[in-house]
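Readers should treat all values here as calculations from the given coordinates under stated rules, not as data from a laboratory. Remember, predicted model here, so these are calculated numbers, not experimental data. With ideal geometry, Cβ positions are generated from the backbone for all residues, glycine too; neighbour counts draw on all protein chains shown.
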Amino acid sequence: MSIVKKIITFRPSFTVRILTGLISMLILLSVCTFIGLADQTRLNVRAAQFDSRAVEAGAKVYFDQCARCHGVNGEGVEGLGPALASEHFVGRIELVTDAMQQQSIRVIKPSERLKQIEWSGTLESYIESVTAAGLPVKTSNLWDVTHPTFSERFGGPLREDQIRDVTRFIINYGLDPLPNDQALLPPAPGEGMAPRPTPVPLTPAQEAGKQVYVAKGCTACHAIRGVGAQGAIGPNLNKIGAVAEERIASESYKTNLKDQPPATTGAEYIRQSILYPNAYVVAQCPQGPCPAGVMPQNYAQQLTPEELDNLVDYLNSLR
Amino acid sequence: MAIVGQKLVKQIQATGLKATMAQRLDDAFTRFTAGLSWNDVRGVLRGDPPAKPNPRVKPHTEGFWFHIRPTFYHEAVTTLYPTFRLGLLSALFFTFEIITGIFLMIFYTPSPTYAYGNMLDILTNVPFGKFVRDLHRLGAEAMVIIVTLHMVRTFVTGSYKKPRQFTWFTGVVLLVVTLFLSFSGYLLPWDQLAFWAVTIGTSMADAVPGIGPQLNLLLRGAPDIGAGGLLRFYLFHVVLFPLIGVIFVAVHYYKVVRFGISLPPEMEAIGEDTARKVPPEKRVNFLPDILTNELMYAGVAFAILAISCATWYSAPLEHHADPLVTPNHTVAPWYFYWLQGLLKIPHMIPLLPSGIAGEVDRFFANVFGLTPKVFWGVIVGPLMFALLFVLPYIDPNPSRRYGDRKVMLTFGALFAAAIIYLSLAGIPTGVPITGFGYVGGDPASEVGQAFIPDEGVGPVRRLPYEAYVVGKFDINAQPNTGSAGLDRLIRDIHNDMEARKARPDPLGKMLSADASGSLEVKQIQSNLRQIIITIDYTDVNGAPAQFKKYTFLHAGSGYAD
Ligand code: HEM
């Protein structure tokens, strides 16, 4: 009780008040001095940290929006978009940190692409402007689409800060770019204008299968060149006929297939993937790792046997 | 001019240059202090007894700043009890927030396009920027606590009773202003934390019967918070609430001086107020005793604040606000947890199966014709404040003595306990033991949220980049990745999953016993990795299900710092 009483009736003497006040002021001043002395270095360290976090945020935007046309590794996707991770496009950079911890990007090898198209600004301004505003004209027949506008300002889904982040992410490829021979390079200006080869005509059964593909809403999640909406939840099916054969030969298929007998032909693989989507889940989808259990599992009921046959026939023809 | 010059020359001739200069300087000094010469001030600071007649009263009659302070206090209120200096500290923090706030204003633009970038600039490009931001933020939160404690103390000592009813009333206005100041400032960084906390907060306005949508529109400037809402909150924060605050601090303080600080209850006869009748021998002069005391408190308080901001405290800044992505477990600022807890009451009556929660909702709809949000959020919440406002006018007991106020003090304690309990219920984890207020999704997604929270750092991002090893690791197996930190993380995830398998969460959900998981580390760029947690489990319908969550980690992002 007496200690409570002591606290309650606490009244510091005049000397204690003056001294405590002075000491507090001294502490306050030294904290400010301490902060002021190393402030520039600390600002630089923090700037580098937020720059790193911009790369992280940019990676998220890239996987959500860009990877389906430019590839999950920035290697490019045939018919959709050129490589962004290629040395041809990003050049080569390194990160340098000075004695004050200030970080900057040093260009070792500039982008060849910018020279090729005679862009007068920086790589950053080029990426930002194409991402934000798209390309107003089709530059080559190699691509099915012209570049979309991604900025909210032009009706797209991204805010300005997201465009800056994804730009920063793409520039970061320059630390270790893909060799040009492992990437899909864009044609030089004026090239690639030849009309596209006429596709092999579909048989009536395949044509019917294509109608099923569109009618059943597969386009919502899967992209096929030239067919309806360009879904990006599941894998791209541009060349699924050829890909199916690669899949059944892969080590991953042999070890990860669950509850189903292994397919022996591409057509069997496609049929299996439609009827039992969870039997084997592909590792990489346009927006990152493929989610299991997302694809509906009741196509056996939704499709008549004939529809299924036609659908498989159609998909298997895509090579 | 000529006359002044002649006088000066004469004085120099009479007393010499040095003495003249000293005398003139002292004159200027005396004018500045409104009546105290340098020697008087020196005496004050040395604690010398005053001369007679006491020159130290002069500033109180001559100058503005001292004129609004009393010349003396009763000795009995200069000890720590009864005031604990909480009113003084409230005023100091209010002033401190204005000063640090003006600094921050210089670097801030109230627009969704620039606000977040401005915050980054303040942190990375403005000298002392982070320090001042931390001071402003911590100061604001400290002020909420201090003002609340100040209210608690005036309640406990019965200082709201006659004649101080209106002092209390203006005090409650100041409490509301303090809360709204904090809350309106919360939005300005325009990060996810801010955006969603304020979205939840303002949705309360939307629930007001009849005029809800209009009120909401007035507050947000649009159906959802955007450029209009940010500008409005900025103006609330830097103009409206500070203005109301300054006016009410003035009225409040005028009343405090007018009635004097109430003496400890046991010193007075019941129903009597003797605070202003101070016998000469009980007087403690403002100069120097009270002033030095206050300066000491100011020094200590701000030194503690500065040390905190230089060491452990760092104001949060999450990802840029995104109206399309609601982060998991969004919460209001902590001083509104109680309101969030209040809103959960109908859904979360402890241990009731979820079907009955629906019944409770229907009961409210049928009996009161109100949704629970309207009832608890729009009616009960503000009613609690209304109760505070009218307290001095409805309390019939004239006695301030503790012994005579057992009922009121018990009621106050219950009120405080209820606020604390509701605040705990307002957090997603709910109240410990009873589980009241727990909100959680699927247990697998809760594992994801625990290790890779949507906002905030979390264990996965806290583990430094270098501690990760590229590869895919089974969470159920004994980890052997070659990195002690990664092994520990995998074991932590394993333990967390086991805990969720062993016992149900307060809503009765459990992770299926067969659940297994993996942690995968992928190299995306030479200094960027992706970390993916995958959990395979059996869902409530017995079907196999999978949960996936990932984050990116850059070598230099420094979350661990
Ligand atoms: C920004 C907020 C506030 C400021 C700056 C402030 C300032 C002050 C100051 C300087 C005093 C002198 C006595 C003391 O230090 O305890 C005081 C007294 C008082 N305050 Fe406040 N106050 C604030 C908020 C409140 C609140 C929220 C309440 C109650 C709801 C309140 C009720 C009172 C009462 C009743 C007194 C008279 C106490 C007495 O005479 O013993 N004040 N206030």
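Some points to look at:
- Calculated FRET value between A:Ala300 and B:Val284, using beta carbons and R₀ = 56 Å, to 0.05: 0.05
- Note on B:Ala222 and A:Ile7: the model spin-label points, each 7 Å out from Cα along the C-beta direction, lie 5.1 nm apart.
- Average partner coverage of A:17-30, which counts Cβ from other chains inside 10 Å: 6
- Packing rank of B:510-523, B:112-125, B:535-548, where each peptide gets the mean count of other beta carbons within 10 Å, highest leading: B:112-125, B:510-523, B:535-548
- Cut-off of 10 Å, at most 13 other beta carbons, DSSP loop: longest stretch of chain A lacking such GluC sites (Glu not before Pro): A:192-319
- Rounded if a/c under 1.5, otherwise prolate or oblate - the protein assembly as shown, Cα gyration tensor axes: prolate
- Springs join every pair of Cα atoms under 10 Å in this Gaussian network model of chain A, and among A:Gly81, A:Gly234, A:Gly155 the largest mean-square fluctuation is at A:Gly155.
- Residues A:Leu275 and A:Lys138, FRET efficiency given R0 of 35 Å [Cβ-Cβ distance, rounded to 0.05]: 0.35
- This ranking places A:Leu84, B:Leu370 by how few other beta-carbon atoms lie within 10 Å of each, fewest first, which gives B:Leu370, A:Leu84.
- Candidates B:Pro396, B:Ser526, A:Leu135 compared by Cα position along the dipole of the protein assembly as shown: farthest toward the positive end lies B:Pro396, with charges placed on Cβ.
- Residue-wise HN-Hα couplings along segment A:301-316, as the Karplus relation 6.51 cos²θ - 1.76 cosθ + 1.60 with θ = phi - 60° gives them from phi, are 7, 6, 10, 6, x, 5, 4, 4, 4, 4, 4, 4, 4, 4, 4, 5 Hz; Gly and Pro carry x.
- Across all C-alpha atoms in chain B, the radius of gyration and Dmax reach 30.1, 107 Å.
- Rounded Å value of the spacing that divides the Cα centres of segment A:60-90 and segment A:209-275: 21 Å
- Using C-alpha pairs below 8 Å separated by at least 6 residues, the relative contact order for segment B:2-73 is 20 percent.
- Sequence-separation-based contact order of chain B, relative, with Cα cut under 8 Å and 6+ spacing, percent: 13 percent
- Cα gyration tensor shape for segment A:118-263, rounded if a/c is under 1.5, else prolate or oblate: prolate
- Rounded to the nearest 500, the helix-only mean residue ellipticity at 222 nm of chain A stands at -13500 deg cm²/dmol, with each DSSP H run of n ≥ 4 adding -39,500 (n - 2.57).
- Take each residue of peptide B:521-528, count the partner chain Cβ atoms within 10 Å of its Cβ, and average: the result is 6.
- A DSSP coil position with no more than 16 other Cβ atoms inside 10 Å describes the following trypsin sites (Lys or Arg not before Pro) in segment B:399-454: B:Arg401.
- Label sites at B:Glu62 and B:Leu45, each approximated as a point 7 angstrom past Cα along Cα to Cβ, lie 1.9 nm apart.
- Loop-located trypsin sites (Lys or Arg not before Pro) in segment B:258-314, at most 16 other Cβ atoms within 10 Å (DSSP): B:Arg276, B:Lys277
- Kirkwood hydrodynamic radius (C-alpha pairs) into Stokes-Einstein, chain A, 20 °C and 1.002 mPa s, D in µm²/s: 89 µm²/s
- Prolate/oblate/rounded call for segment B:84-242, Cα gyration tensor, a/c under 1.5 rounded: oblate
- Other protein chain Cβ atoms within 10 Å, averaged over every residue that makes up B:541-549: 3
- Charged-residue dipole, Cβ positions (Lys, Arg, Asp, Glu), segment A:204-316 about Cα centre, Debye nearest 20: 300 debye
- Its relative contact order, with pairs defined as Cα atoms under 8 Å and 6+ residues apart, puts chain A at 17 percent.
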